[in-house]
Amino acid sequence: MRFVWAVAAFVLAALMIGAGVAQRTVFQGPTSYSESIEVTQDVPYVLVDGAALASHPGAQTLRAQGDGPIFAAYGRTDDLAAWLSPWQYAHVEVDDEGAITTTIVEPEAATEEPAGDDAAAEDAAGEDAASPTPLNPAGSDLWLDEFADEDLLIETLQLPEDMSVLVAADGATPAPAKLTMTWPVVNATPWAGPLVVGGAVLLAVGIVLYILGIRHVRRSRGPRRKGLPMPVTEPIDLATAEEEKGVIAASPSRRSLGTRRRRFAVVPAIGLSVLLAGCTSDAWPQFSSSPTPTPTATVIAPESQQAPAVTEAQAAQILARISEQVAAADEALDANAAAKRLTGPALAERRTNYTLRAAIAEQKPLPAIPSGPVSILLPQAYDGWPRTFMAVVGDEEAGNTIMFVTQDDPWSGYKLSYVGGLDATTELPLAPAYVGAAQVSPDNAFLAIAPEKLAAAYADVLNKGDSSEYAGLFDEAADQFRSGVANDRAARLDAFNQTGAETGSLTFESVPGSQAPVSLATLENGAIVAVTVNENETVRPTTEEAVIKLDADSPNPTVATLTGATQSATGFTTTFGDQLFFYVPAKSSSERIQLLGYSSHILDAKVIP
């Protein structure tokens, strides 16, 4: 009977192991699925739509083949379409039946009508409406990431439907015409492992039963007749018995040797089964439990709110580029190079600094633009242009810098417009970066003061102090800049009066700057607002005979450098530009306006006409 059970175990083991191995070999389907795309027309760009990439589950592997350089980048589909709008491109998308198709998209038509009715005017308008020269897409701030290679580019991505991929060469030559998209095919065999291991266990059981059967047969082969009578026993010699025991103990019995051989035979069978089962997780059932959700505070964006302008990784990349390019411009004293990444008051103060550093050896450069880390990010939730984001960069040791960065159109780089040191430590009710914030209009009537009036109100406070009608709107306790300006003016006036009080006068005046305010909303209906205030310092002679002279060894030669004059009978005016960042609460709030950060540098100096 033992042999019957052993044979049954062998048969079942063979079936189970064979079924398990077959699932992982001959019965296993393909591990991937591919779609080939051929662009039949020469176009500078190919846009692979996110819906096409997400038409099959799993990671997407994009393969582009061509001659020469190959470039690929991914970003939001709307951003890529806006960037491509002036040019012809191939659009890879999914039709209504789920098939992947390729269509040629023509440039958007010009929106302006030709001026005049004559043919010449129409021809001129037609030339102006022609598509501009295609640009090299490398390095655009719109891309979340980009890749480049020669002749063949292969990248594995995992993009949602609202993200797309741009494929090109360099804009000047046609894009690669042969593209392939590949997705993994899930063909897990969760019963392959258990079948192989279970078969191995049955195989081991069969081997044991077979060995037991053989042993039983051997024991049952003894003689059936009556044996001879046992010999008469005698007393055992203990000394001889001990020697014989020692000899017998040194030689193991055949039974013990046979047991060791049987154990050795079972071990390779089990080891072989483990090797056949493999170590891959898709050969075994998955019993992993789902993670327990942890309650966290979330912010739900309104249905009508648009997507944030940048992601956190994208903002970090943009700021790193700005920092690098501005640092190169600072070293070369090149205002035109700085203008590629700076605008507004941030550019104006650097132009002046470059002029002074070129003429005055002791003139110090402005603080470098930090590249990171980004501790706070508040992007504008807007699909169009211009678009803005606010960032706080740096750490507690090196100091934090607050800045506003703006992109004018899809083809321009982001430019830094406002920058200043972060002064306040107030925790602001900002929306998460993945939600973004709406831009507040300059004439918003729901804030404690409209952004377009904020600069004039604060300038009045700097001029009049507590007697200003706007003094009650601002939190004086947290305003180090205001107290610093007042102390500096008093010290400079005392120093001037010691030598020039009888023949001249020194006056100070703060006026709102010409730069438009930038503001983004906070969660509690407040806003972060950046404005400029110009501080004018004017020195005039008070008598007809008096002349304001700028000595060559003056401790402050900046005025002489900027005006090109060493003396004036009418006087000089020096202008300092203040970039100020405020938190403006809602009109219904009992909070006051808080100064968050600032920077102040010389902008200009002129001879009074």
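Annotations
- Taking first residues from segment 594-608 that are under 28 Å from Gly526 (Cα atoms) and partners that are β-branched (Val, Ile, Thr) and part of a strand (DSSP E or B), the Cβ contacts under 7 Å between residues at least 6 apart in sequence or on separate chains come to Leu596/Ile402; Gly597/Ile402; Ser599/Val419.
- A search for C-beta distances below 9 Å between a residue of segment 326-343 that is on the phi > 0 side of the Ramachandran plot and any residue that is among the aromatic types (Phe, Trp, Tyr), counting only pairs 6+ apart in sequence or on different chains, returns Leu333/Tyr354.
- Hits in segment 131-170 (condition: over 18 Å from Ala52 (Cα atoms) and of a type in the set (Val, Ile, Thr)): Thr133
- Checked against the criterion of being part of a strand (DSSP E or B) and farther than 22 Å from Tyr418 by Cα, segment 483-504 contains one or more residues that satisfy it.
- Index of the failed condition, Ala431 passing every other in (1) touching a helix residue (DSSP H, G or I) at 6+ places or on another chain (Cβ under 9 Å); (2) surrounded by fewer than 22 Cβ atoms within 10 Å (Cβ to Cβ): (1)
- Number of the condition not met by Tyr458 [criteria: (1) in a helix (DSSP H, G or I); (2) of a type in the set (Ser, Thr, Tyr); (3) over 16 Å from Phe481 (Cβ atoms)]: (3)
Every read-out reported here was derived from the displayed coordinates using simple, explicitly stated rules and does not represent laboratory data. Keep in mind that what you see is a predicted model, and the values were worked out from it rather than measured. Because the Cβ atoms are built from the backbone with ideal geometry, glycine has one as well, and the counts that use them run over all protein chains shown.
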